[in-house]
Amino acid sequence: MFLPPQLRAQMPANKAAPSNSKAPAPIISSAPVIYSKWKPVELEEPKPLPVPVVVVPAAPVAPAPTPAVLKPAEAKKSEAVPMEIDSLRKSKHKKKKFVRCAGGVVWEDTSLTDWDADDFRLFCGDLGNEVTDEVLARAFNRYSTFLKAKVIRDKRSGKSKGFGFVSFKDPNDFMRAMREMNGKYVGNRPIKLRKSTWRERDLHVVKKKVKEKVKMGLR
């Protein structure tokens, strides 16, 4: 039976190990020591690498615009502008009034709003009752700048008052019509033409004439 040297040292010298009997299991007092000329090296934990810090420059912020401070005079002007625009719009839509004056009587003639204020107008007299607006217009519509023809009638009875008006845009047609159509038959009677004096009955014109007469010492 083979015994290792460690066990042989522990057995007594005068006793030999029986060949056939079972010997108790040897007790190893300590584990074998392994010697090494290198000392164990303790490894250090790896240090974390520094994280680079990237500094992003802030975007420039534009300063807030300062509200414009209007002076009192400028503020009044700015408020007056929309008021003037509103007044102009109202004046465009507002119809012009025609105040007439004749024989000491003042009245408003609404029929003049249908006529062009810058026209050249003829007075047509001695018209028969059969002459209508259409008949009078057919007599003068051969002139290129003819605008309108109107027979004046009584508001109650509707009968003709025996006169009317014809208007032209061009003064040349106005003069030609007066020269060529005066005394010509329109309906059953020859027509009599002359320049209309409708502007002379305007209230402002009448007042101006009265002031001129007072300055001259006339009544």
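The numbers here are math on the coordinates, done by the rules we state, and not lab data. It should be emphasised that the depicted structure is a prediction, and the values quoted were computed from it without experimental measurement.
Normalising the Debye intensity of the stretch 126-219 to I(0), with uniform scatterers on Cα atoms only, and taking log10 at q = 0.14 Å⁻¹ returns -0.63. Legend: distances between Cα atoms for LYS161/LYS213; LYS97/LYS207; LYS161/LYS209; LYS150/LYS192; LYS169/LYS207; pairs beyond 23 Å are LYS161/LYS213; LYS161/LYS209; LYS169/LYS207. Summarising the amide proton neighbourhood of CYS124: residues at separation of 5 or more, or on other chains, whose placed amide H is nearer than 5 Å comprise GLY164, PHE165, VAL166.
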